[in-house]
Amino acid sequence: MTVSAQNIPAQLAEIIDDFQAMEEPERLQLLLEFSRSLPDLPEHLAGQPELLEQVVECQSPLFLTLEIGDGPEEPVEIYFSAPPEAPTTRGFAGVLHEGLNGLPAAEILAVPDDVPEQLGLTRAITPLRLRGMSAMLARIKRQITDARAAV
Amino acid sequence: MSSRCNGLPSLWRMMTGAKVVSSCLWLGWAETTPDEWKGFAMPVVAAEQNEKFAAYAHPERLVSTDWLAANLDADSLVVVESNEDILLYETGHIPGAVKIDWHTDLNDALTRDYIDGEAFAALLGSKGITRETTVVIYGDKSNWWAAYALWVFTLFGHEDVRLLDGGRDKWIAEGRELTTETPKPAAVEYPVVERRDEAIRAFLPDVFEHFGKPLIDVRSPEEYSGERTTMPAYPEEGTLRGGHIPSAASVPWARAAAADGTFRNREELEAIYKGEAGLNEGDEVIAYCRIGERSSHTWFVLKHLLGFENVRNYDGSWTEWGNAVRVPIVKGAEPGEVPAARR
C-alpha cells in the first residue's frame, strides 16, 4: 500500500517514505535525529507543566498540548515536552511534530491511527513503546475534538 | 579438545589476542577444564570491596561507579549497556561499553521465550565476551533493564556478571565520561551452553504449585489493585483483567532503589522485604510484574543482595496470568487468599 493512497498529509507521508526506504539500523538513526530536532517548548509554555497533558502510555515522561489558530482552516500548533534521556519517546514526538504541526485540524483528525506502524520500526521497538506513539496521536486528536467542542 | 586455551584454533587466537589467553592462564583452565564450560571460573577481575556492598549476601555482584571508572581498561572486562530506551546508548555511553537490547537481542522473535544457547553464544561472541569475561551491566531507570539482562545471562550460567550500582543515571550525574563512539570488538568464541531455566525462572504451572509460599508483585499499586489507569477512548493496556495473583504481596520494584538509583542498603532492604512483605529467611519466592523485566530487578535484590537462595522470576507475569483461562485473580489492595488446589 502506498502512503499517498491514504489520508496522510504530504509532510507526514514524506517522513514515512524516508523510514520505509531504509534498513532497520538506519531507521533507528533517523529516529534519533528526530529526537534531536524536537523543538523546545515556547516561552509561554515552558515551566508551566500544568498546561500540558501527560501521555501516560509512554514509558518515559511525555507531555503535549496544542493551540488551534484562528481562520477557517483551524491550523494546529502542537507542543511536546520530553526529557533528553528519553530519545525514543522524543523521536516519536519529533516525527509527529514535523509531520503534523501547522496542518488544518481536519487533516490531522483524518490521519489514520496506524501511522506509527508504518514507520517500519515494529521489530526494533516493542509494541508497548510503539503504543506510546499511537497514544500521542490519539491524544492530539482528542484535544482537537475537545477544543472545537468548547468553542 | 583438552582445554580451551591450548586447543584453540590459531585463527581465533589471533583474533582475540593475548588478553584472553592470559586470562585463561590466570584461571588455570589449561589441564583441568573439560570440553564443557560449565565449571566454576574464578573472577578474573577481583570483586570490589566496600562497606555498603560487604553487608549484602553477594557483594561481588555489584560494582560502584568509582570502581568501574578505575577498572574500565581492565583485561577481560566488558561493560554492557542495556536500556529501556532503545536509542539511549546512541546518545552517549560509557567508553568501551557495548549495547545489548533486551527486546531484539535477548528475546526469541517467534516464540515468547529467550534466545537459545546458539544465539546467546553468537551474541556474546560478537560483543567480545568469552565465558570467563567479567561482565558489568548498567542501564537506565535504576538498572531495571540491566537487571533483566543480568537475569538472562544467569539463565545461561554466565559466572561473573555484575551490575553497576546506580546505573547510567549515576554515572551521568557524576559527570563521568561518555562517548558516542561505538566499539567494534573482535569477535571471540563463546561456547554454546544450554539455557537452564528451572532454578530462577517460573512458568504459570509453577506458580500454581507455589501457592502457599510467598509471591511478590512488583508492579505499581494501581496495577496491583486492578484499578483502571486509562480513561475511555484512550489506548488500553494489553491485559484483559486488572488485579494480581492471589496472595501476592505488593512491593513495587523501585522501592529497592534509593533516589540516586543505587540499591538501598541491606538494612533498608530487610525492612522492606522481611519487615513489610513478610519474607522469612529460607523462603522460596516467586516475583512477577508485567512481562518479567521489573521483577528481574527484585529477583536481583532478593537473590544477590538479601541472599534468598530460591528465588524465581515469573516472566509470563501479568500479561500471561491476567489473560489466561481459568486462572484466578484478586482485585483490590489486599493480597487475598491462597486459592484452593485445582481439581
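When restricted to residues that are surrounded by 14 or more Cβ atoms within 10 Å (Cβ to Cβ) and in a loop (DSSP other than H, G, I, E, B), segment B:197-213 contains 3.
Residue B:69 falls short on exactly one of the conditions (1) surrounded by fewer than 16 Cβ atoms within 10 Å (Cβ to Cβ); (2) farther than 16 Å from residue B:167 by Cα, and that condition is (2).
Cβ-Cβ under 7 Å, sequence separation 6+ or interchain: first residue in segment A:62-78 and within 21 Å of residue A:134 (Cα to Cα), partner of a type in the set (Phe, Trp, Tyr). Which pairs? Note: pairs meeting the criteria are A:62/A:80; A:64/A:79; A:64/A:80; A:65/A:79; A:66/A:79. Please give the number of the condition residue A:79 fails out of (1) away from every other protein chain (no Cβ under 14 Å); (2) of a type in the set (Ser, Thr, Tyr); (3) more than 11 Å from the chain's Cα centre (by Cα). Going through the list (1) away from every other protein chain (no Cβ under 14 Å); (2) of a type in the set (Ser, Thr, Tyr); (3) more than 11 Å from the chain's Cα centre (by Cα), residue A:79 breaks only (3). Among the residues of segment A:75-90, those that are modelled with pLDDT under 95 and over 14 Å from residue A:139 (Cβ atoms) comprise A:83, A:84, A:85, A:86, A:87, A:88, A:90. Within segment B:84-121, the set of residues being among the small types (Gly, Ala, Ser) and either free of Cβ contacts under 8 Å to residues at least 40 places away in the same chain or within 14 Å of chain A (Cβ to nearest Cβ) (or both) comprises B:92, B:109, B:119.
Of all residues in segment B:300-311, none are crowded, with 20+ Cβ neighbours inside 10 Å, among the polar types (S, T, N, Q) and closer than 25 Å to residue B:112 by Cα. Just to be sure before I move on: is residue A:135 crowded, with 17+ Cβ neighbours inside 10 Å, part of a loop (DSSP other than H, G, I, E, B) and in contact (Cβ under 8 Å) with a residue 12 or more places away in the chain in the structure I sent? Spelling it out, it is not the case that residue A:135 is crowded, with 17+ Cβ neighbours inside 10 Å, part of a loop (DSSP other than H, G, I, E, B) and in contact (Cβ under 8 Å) with a residue 12 or more places away in the chain.
In the set (1) closer than 19 Å to residue B:199 by Cα; (2) modelled with pLDDT of 95 or more, residue B:278 fails one condition alone, (1). Taking the criterion of being over 14 Å from residue A:92 (Cβ atoms) and of a type in the set (Ser, Thr, Tyr), the only residue of segment A:109-149 that qualifies is A:145.
I'd like the residue in segment A:117-132 that is touching a residue at least 40 places away in the same chain (Cβ under 8 Å) and at the interface with another protein chain (Cβ under 10 Å from one of its Cβ atoms) and, out of all such residues, is nearest to residue A:96 (Cα to Cα). Residue satisfying both the conditions and the ranking: A:132. Please tell me if residue B:324 is touching a residue at least 60 places away in the same chain (Cβ under 8 Å) and surrounded by fewer than 15 Cβ atoms within 10 Å (Cβ to Cβ). It is true that residue B:324 is touching a residue at least 60 places away in the same chain (Cβ under 8 Å) and surrounded by fewer than 15 Cβ atoms within 10 Å (Cβ to Cβ).
Restricting attention to segment A:27-45, the residues that are within 13 Å of chain B (Cβ to nearest Cβ) and assigned to a helix (DSSP H, G or I) total 10.
Can you confirm whether segment B:165-175 contains a residue that is out of contact with any Cys (no Cβ under 6 Å at 6 or more places or on another chain), closer than 15 Å to residue B:303 by Cβ, more than 14 Å from chain A (Cβ to nearest Cβ) and part of a loop (DSSP other than H, G, I, E, B)? Among the residues of segment B:165-175, not one is out of contact with any Cys (no Cβ under 6 Å at 6 or more places or on another chain), closer than 15 Å to residue B:303 by Cβ, more than 14 Å from chain A (Cβ to nearest Cβ) and part of a loop (DSSP other than H, G, I, E, B), which makes the answer no. Taken over segment A:83-113, the criterion of being away from chain B (no Cβ under 11 Å) and within 26 Å of residue B:173 (Cβ to Cβ) is satisfied by A:93, A:94. How many residues does segment B:243-295 contain that are within 20 Å of the chain's Cα centre (by Cα), of a type outside the set (Val, Ile, Thr) and either under 22 Å from residue B:328 (Cβ atoms) or in a helix (DSSP H, G or I) (or both)? Qualifying residue count, segment B:243-295: 15.
Scan segment A:46-73 residue by residue and report those that are away from chain B (no Cβ under 14 Å), farther than 22 Å from residue A:99 by Cβ and in a loop (DSSP other than H, G, I, E, B). Within segment A:46-73, A:46, A:47, A:48, A:70, A:72 qualify. Looking at A:96, A:130, just one residue is at pLDDT 95 or above and either surrounded by fewer than 17 Cβ atoms within 10 Å (Cβ to Cβ) or closer than 22 Å to residue A:15 by Cβ (or both), and that residue is A:96.
The values are calculated or read from the model by the stated rules, or taken from the named source; none is laboratory data. Please read these numbers as outputs of a predicted model, since none were measured by experiment. We place every Cβ from the backbone using ideal geometry, glycine too, and count neighbours over all the protein chains shown.
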